[in-house]
1. Pick from the stretch 25-71 the residues that are touching a helix residue (DSSP H, G or I) at 6+ places or on another chain (Cβ under 9 Å), part of a loop (DSSP other than H, G, I, E, B) and of a type outside the set (A, V, I, L, M): which of them is surrounded by the fewest Cβ atoms within 10 Å (Cβ to Cβ)?
2. Going by the structure shown, is LEU371 at pLDDT 90 or above, assigned to a strand (DSSP E or B) and closer than 17 Å to ILE407 by Cα?
3. Within the stretch 93-122, restricting attention to residues that are surrounded by 19 or more Cβ atoms within 10 Å (Cβ to Cβ), modelled with pLDDT of 85 or more and among the aliphatic types (A, V, I, L, M), which residue is nearest to the chain's Cα centre (by Cα)?
4. May I ask you to list the residues in the stretch 337-381 that are basic (Lys, Arg) and within 20 Å of LYS391 (Cα to Cα)?
5. Kindly provide the set of residues from the stretch 251-279 that are surrounded by fewer than 20 Cβ atoms within 10 Å (Cβ to Cβ) and under 26 Å from the mean Cα position of the chain (by Cα), ordered by number.
6. Specify which of the listed residues (SER274, SER320) is assigned by TED's automatic domain parsing to the domain that holds GLU247 and either polar (S, T, N, Q) or farther than 23 Å from SER243 by Cα (or both).
7. Taking the stretch 309-357 as the search range and keeping residues that are in contact (Cβ under 8 Å) with a residue 60 or more places away in the chain and assigned to a helix (DSSP H, G or I), which one is surrounded by the most Cβ atoms within 10 Å (Cβ to Cβ)?
8. So which residues in the stretch 72-88 are buried (at least 17 other Cβ atoms within 10 Å of the Cβ), out of contact with any helix residue (DSSP H, G or I) (no Cβ under 8 Å at 6 or more places or on another chain) and part of a strand (DSSP E or B)?
Amino acid sequence: MQEQNLKMFIFFSELVGRSVVDSNDNVLGKLADMKVKLGELFPKVASLSIRHKRQKAPFELDWLEVEGLTGHLIRLKPEAENKIKPLVVNESEILLREELFDKQVVDTFGARIERVNDIHLLVVDWDMRIVHVDIGIRGIFRRLGWIKVIDSLTNFLFSYQIPEKMISWKYVQPLASDPHKKDLKLNVTLRKLHELHPSDLADILEELDQTSRSRVFKSLDLSTAAETLQEVEPKYQLSLVLSASEELVSDILEEMEPDEATDLLAGLPGEKKSKLIQTMEKPSREKLEELLKFEEGTAGSIMTKDYIFIQGNKTIADASEVFKRTTHPLDTISYLYVTDEENHLLGVLTLRHLVLCEKDTPLSKLMNTNLIKVKTEDDVKEVKEIFKKYKFMAIPVIDDDNRLKGIITLRDIVEATSKDF
């Protein structure tokens, strides 16, 4: 009979393969899998999937028909064998072995991909629930049947035992509703992904398979998606863009730095690129259309339109207000560029001027007019040499009439010439 108030932990790998016997010790088959119904914080095991060597398809038996776990057997209640039925798994259910073992888990704390090596179960008053997924090497050794030998060896040699490495199931959720179950992947607290650094999140996306990569990407807010897409390798950028709707991609492109968005668009098929550009809001669309005009490998092709400029008849106070209102990335606002009414480049200021100088001082009296600048058609390799020589954080880009067209940041030039910088 079942023990009342029973409470014990057991690993799924310790149950798989056990013989399932009826109340008369007749073997009905071996445990092939367990079916779990999702929805609860720690979901219950609903039924056993039992396979007999004489039958091709596994059959199913409700977990409540289990009398006990004795030795290496799973013993059933009297008459339980009469309640066997064909195995059916609906959309709200998963099979532990088939759909969790060796599946991917995103570790948002370590910013890396882990794999489920085992599943930790808790039996309380004969309800069996998932409580952890095991992502450590102990889970692998346990599945291989080596864990006792390994523990004895490490204890003897080093007085040490390999620790468990588990994640609570409450942090594990399916990436998305998946009617095709075979594509199910897991993710640890999807809601926390936006807290990761974009570079770490990009690494995670690159390690996922294409389907999961697309699902995670689509779940991100626009700002996080834009920052992350900028860090993803070009080949993955293309697949992410092609898998998402044009409306979503155009919104993300508007959030991206213009030069990064331009690079992404440049790699797309002509028809797809045109549709995305036309879907964008006018200010963003005009920026990108201008950048796309420049030949690849020129200063114009890698410059960004995100920079601060102000007319020379203004004061430090005016410049401070412009700086406060900007939403441009930090590496694009190291300098403030001074122009005339027709956008001719006159000089440059640093953030130091805004902090230290009197607020009513005209910019024309403080700006540096001895400018190092490049033209839109200049070769990127020449621009690289200028950065190396002068150690600037950014360099202005002008046209033949000395009109300010954009800037190139240190990061822009490093990314454009990463192989030989």
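1. ASN26
2. no
3. Among them, the one singled out is VAL116.
4. Selection gives ARG352, LYS373, LYS375, LYS381.
5. ASP251, GLU254, GLU255, ALA266, GLY267, LEU268, PRO269, LYS272, LYS273, ILE277, THR279
6. SER274
7. Once the filter is applied, the top-ranked residue is THR332.
8. Within the stretch 72-88, ILE74, ARG75 meet the criteria.
The values are calculated or read from the model by the stated rules, or taken from the named source; none is laboratory data. Note that this is a predicted model, so its numbers are computed, not measured. As a convention, Cβ positions derive from the backbone with ideal geometry for all residues, glycine included, and neighbour counts pool all protein chains shown.
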